[in-house]
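The values are calculated or read from the model by the stated rules, or taken from the named source; none is laboratory data. The shown structure was predicted, so the numbers you read here are calculated from the model rather than taken from an experiment. Positions of Cβ are backbone-derived with ideal geometry, glycine not excepted, and every protein chain shown enters the neighbour counts. Quick note on the areas: whole protein, heavy atoms, side chains included, nothing else; ligands and nucleic acids left out. Shrake-Rupley method; radii C 1.70, N 1.55, O 1.52, S 1.80 Å.
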Amino acid sequence: MEEIRDILPRFGFEGRFASARELTSGHINATYLLDFEDGGKLNQYTLQRINTYVFHHPDEVMSNITRVTEHLRRGILGLRGDASRRVLEVVRTLDGGALHEDARGGFWRAYAYISGAFVPEREATEAQMEQAGVAFGQFQRHLADFPAGELYETIPDFHNTPLRFGAFVRAVEEDVAGRAAEAREEIRQVTARHAMMGEIVRLTAEGTLPLRVTHNDAKASNVLLDEKTGEALCVIDLDTVMPGSALYDYGDGLRYGASTAKEDEEDPGRVFLDMGKARAFTHGFIRETAGFLTREELLRLPLGALVITCEQAMRFLTDYLRGDPYYKIDSPRHNLVRTRAQLALLFDMERREKELSEAVRADVSRFS
Ligand code: GN1
Ligand code: MG
């Protein structure tokens, strides 16, 4: 909290600073919720220190976010007027930038906090999951005419699964933390899915799947719904917005939002794909995207769920094998627990692949 005090005067926050508390749900950046008192009115902001181990070029992250939010705002204003709660708003620093570098080389950015909203976590209803699908679908739709080539790749090869597989194999071989023996079964399961994991990259390279502007971290916890109406307001956590495949966002949506358990459930026996929520997310997503995604993309959406879930298991496992340099952890085996939960979810997705494909096919016919 001490370090925040020095940062606050650098941004154009309105009112008198009242209090701050840390929000701990993210795995990457440090986030604080700030209250400012403004003549009887409460102004709230989120302040974040960008994790530079993960994002090497915070200026490029903020350049992407500024451009994308401006584009979204123009699109939304064109449609129905009120963009204030439908897109994130960057708070400028006193010198007009989007980023403040502190004396220790830390990089900070701030957003206006969107109040009267909630995040559909695991206890979300099917109706709320449908709205999460709507939110990510609309996000892609509003960005369909954004020049993807002008965005920085904030994390190069972020969803380049074959490349990540190479890093995983190296982590197993090097075994710097001496943990490979304990994770033999998980290593075997990930390795067995090498070919499947390369499918989206292969289909994109051969031109079957187009590159689009995608969110790339499309968890339901990165969606805000209106507290009163339950409707999708906007998506948050825009750090990884960059060129990608529509399949990634659909897949991440299911991976996180349609699981019966949390991402770090200790008992893999409790982790399944909740088909009701999967169908609901699928309805929302396809309803918003059927008008511009190709038929080929739409019908292949279930592949996104398999690839992203397996990739996420592999990323947690790689981090575990390397001694946890990347994800924030609460206990020494946290990343192994996460790996096991993701694999359990993947196995259930594999069992239900046909069912999922049929649900997608039905929605494609219905909304196209
Ligand atoms: C990270 O920022 P956060 O906690 O929403 C990660 C995602 C993973 C996710 C797993 C930049 O997201 O890719 O899917 O954890 N973000 C980055 O929950 O690596
Ligand atoms: Mg994120």
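Odds and ends about this structure:
- The set of residues in region 21-56 that are in a loop (DSSP other than H, G, I, E, B) and more than 16 Å from ligand 2 (Cβ to nearest atom) comprises Gly39, Gly40.
- Members of region 193-208 found to be touching a helix residue (DSSP H, G or I) at 6+ places or on another chain (Cβ under 7 Å) and either within 16 Å of ligand 2 (Cβ to nearest atom) or hydrophobic (A, V, I, L, M, F, W, C) (or both), listed by number: Met196, Met197, Ile200, Val201
- Qualifying residue in region 6-14 (condition: crowded, with 17+ Cβ neighbours inside 10 Å, over 20 Å from the mean Cα position of the chain (by Cα) and part of a loop (DSSP other than H, G, I, E, B)): yes
- Qualifying residue in region 66-82 (condition: in a loop (DSSP other than H, G, I, E, B) and acidic (Asp, Glu)): yes
- Residue check, Glu265 more than 16 Å from ligand 2 (Cβ to nearest atom), within 23 Å of Leu88 (Cα to Cα), open to solvent by 10 Å² or more (accessible area, probe 1.4 Å) and not aromatic (Phe, Trp, Tyr): no
- Of all the listed residues (Met275, Met242), the sole one being closer than 21 Å to Val201 by Cβ, in contact with an Asp or Glu (Cβ under 7 Å, 6 or more places away or on another chain) and not β-branched (Val, Ile, Thr) is Met242.
- Condition check for Leu88: touching a residue at least 24 places away in the same chain (Cβ under 8 Å), closer than 30 Å to Pro210 by Cβ and in contact with a strand residue (DSSP E or B) (Cβ under 6 Å, 6 or more places away or on another chain): yes
- Hits in region 143-185 (condition: β-branched (Val, Ile, Thr) and surrounded by 14 or more Cβ atoms within 10 Å (Cβ to Cβ)): Thr154, Ile155, Thr161, Val169, Val172
- When residues in region 209-254 are screened for being within 14 Å of ligand 2 (Cβ to nearest atom) and aliphatic (A, V, I, L, M), 8 of them pass.
- Residues in region 36-56 that are surrounded by 17 or more Cβ atoms within 10 Å (Cβ to Cβ) and either more than 15 Å from ligand 1 (Cβ to nearest atom) or not hydrophobic (A, V, I, L, M, F, W, C) (or both): Phe36, Asn43, Tyr45, Thr46, Leu47, Gln48, Arg49, Asn51.
- Residue, surrounded by the most Cβ atoms within 10 Å (Cβ to Cβ), within region 198-243, restricted to residues that are assigned to a helix (DSSP H, G or I) and within 12 Å of ligand 1 (Cβ to nearest atom): Ala220
- Residue, farthest from ligand 2 (Cβ to nearest atom), within region 293-314, restricted to residues that are open to solvent by 30 Å² or more (accessible area, probe 1.4 Å) and in a loop (DSSP other than H, G, I, E, B): Thr294
- Candidate set: region 315-346, residues that are open to solvent by 60 Å² or more (accessible area, probe 1.4 Å) and of a type outside the set (Val, Ile, Thr); chosen: the one farthest from Glu173 (Cα to Cα): Asp330
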